[in-house]
Amino acid sequence: MLEKMKETALFLEQRIKIKPEVAIVLGSGLGGLVKDIIVDTEINYKDIPNFPVSTVQGHKGTLMFGTLNNVPVMVMNGRFHYYEGNGMKTLTFPIFVMHQMGIKKVILSNAAGGMNPTFKVSDIMIIKDHINMMANNPLMGPNDDTLGPRFPDMSEAYSKRIIKLAMKVGEKFNIPLQKGIYMGVTGPCFETPAEYRMFHIMGADAVGMSTVPETIAARYLGMEVFALSVITDLGLIDAVEQASHEEVLHAAEKAEPKMVKLVYELLPQL
Ligand code: HPA
């Protein structure tokens, strides 16, 4: 694993002129950020040694390096999900590569179903904590103590410092922000009404099929994490609406300008 990470990091470092400080993982329909990047290099996942390949419609498969509001960034334009059949180690491999390249901060974004009754479709939710309902963990197996501890602390999975900064940016630019707890599930089914109800009772505000493995890997490696959900459909108790991938993409697109602005303005303050 370590050898592969080093090989991939070296491959990338030899192809870029910038030194990325922040990594950004773009989820469903949030590709809008891409147009603001002053691109240094863009590489297809399939051309990167040891990298997995993304299979979801609406998710591109390129790694971009460049500057965003003058901050050197590495952007994953398309991410890997557990439901695609990737193992947890495979789908978090890019996080290990980021760490290998010296990146210490990561911004994750995703689409999620809202269960908090105060949420509306296309709201943006800052993830303040998560519940891992995936019944798996990317850190299973022998531990490499040179990378991180066997039993990593998760008392502050999502950086309080960055959340504070983001709330200020939201206020300044008039971007309404929700805060809540994200439940990570395997998918690929959306939830039944009974499942939405159970997850809400368990304490979650939104549910989605990503982010939790990446956050676990990043925290293990000592990276600071900030994550945003776009609420794309609602699973409210006794009023669950039908959900479809098209609807998710449509709602995510609607929230995109706000989300892009938030991340763009937040970056130089990190
Ligand atoms: N459930 C799980 N994942 C999701 C949902 C949902 O309702 N919406 C977008 N991703």
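Structure data summary
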quantity	calculated
Out of Thr118, Thr62, sole residue that is away from the ligand (no atom under 16 Å from the Cβ), more than 26 Å from Glu241 (Cα to Cα) and of a type in the set (Ser, Thr, Tyr)	Thr62
Condition met for Lys258 (more than 16 Å from the ligand (Cβ to nearest atom) and over 30 Å from Phe96 (Cα atoms))	no
Single condition Thr92 does not satisfy, out of (1) closer than 27 Å to Glu247 by Cβ; (2) of a type in the set (Ser, Thr, Tyr); (3) touching a residue at least 60 places away in the same chain (Cβ under 8 Å); (4) touching a helix residue (DSSP H, G or I) at 6+ places or on another chain (Cβ under 9 Å)	(1)
Flag if Phe51 is crowded, with 21+ Cβ neighbours inside 10 Å, modelled with pLDDT under 95 and out of contact with any strand residue (DSSP E or B) (no Cβ under 6 Å at 6 or more places or on another chain)	yes
Options Asp205, Asp233: the member that is farther than 29 Å from Phe96 by Cα, within 16 Å of the ligand (Cβ to nearest atom) and not aromatic (Phe, Trp, Tyr)	Asp233
The one condition in (1) within 12 Å of the ligand (Cβ to nearest atom); (2) modelled with pLDDT of 95 or more; (3) within 27 Å of Glu265 (Cβ to Cβ) that Met167 fails to fulfil	(1)
Residues located in segment 189-217, provided they are within 15 Å of Gly27 (Cα to Cα) and either surrounded by fewer than 24 Cβ atoms within 10 Å (Cβ to Cβ) or of a type outside the set (Gly, Ala, Ser) (or both)	Val207, Met209, Thr211, Val212, Pro213, Glu214, Thr215
Pairs, first small (Gly, Ala, Ser) in segment 212-225, second surrounded by 24 or more Cβ atoms within 10 Å (Cβ to Cβ) and in a strand (DSSP E or B), C-beta under 7 Å, six or more apart	Ala218/Val106
Residues satisfying the stated conditions in segment 4-41, i.e. of a type in the set (Val, Ile, Thr) and under 12 Å from Met64 (Cβ atoms)	Ile16, Ile18, Ile24, Val25, Val34, Ile37, Ile38, Val39, Thr41
Conditions (1) more than 18 Å from Lys120 (Cβ to Cβ); (2) away from the ligand (no atom under 12 Å from the Cβ); (3) at pLDDT below 95; (4) of a type in the set (D, E, K, R); number of the one not met by Arg219	(3)
Members of segment 1-44 that are closer than 30 Å to Lys258 by Cβ, of a type in the set (S, T, N, Q) and without any contact (Cβ under 8 Å) to a residue 24 or more places away in the chain	Asn44
Extreme residue, farthest from the chain's Cα centre (by Cα), among residues of segment 67-115 that are within 16 Å of the ligand (Cβ to nearest atom) and in a loop (DSSP other than H, G, I, E, B)	Met115
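For every residue, the table says whether it meets (1) closer than 19 Å to Lys179 by Cα; (2) surrounded by fewer than 18 Cβ atoms within 10 Å (Cβ to Cβ); (3) among the β-branched types (Val, Ile, Thr).
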{"residue": "Tyr220", "(1), (2), (3)": "no, no, no"}
{"residue": "Met223", "(1), (2), (3)": "no, no, no"}
{"residue": "Asp233", "(1), (2), (3)": "yes, no, no"}
{"residue": "His250", "(1), (2), (3)": "no, yes, no"}
{"residue": "Leu262", "(1), (2), (3)": "yes, no, no"}
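The values are calculated or read from the model by the stated rules, or taken from the named source; none is laboratory data. All figures in this text were calculated on a predicted structure; none of them were measured in a lab. When we count neighbours, we look across all protein chains shown, and the Cβ atoms used for this are built from the backbone with ideal geometry, even at glycine.
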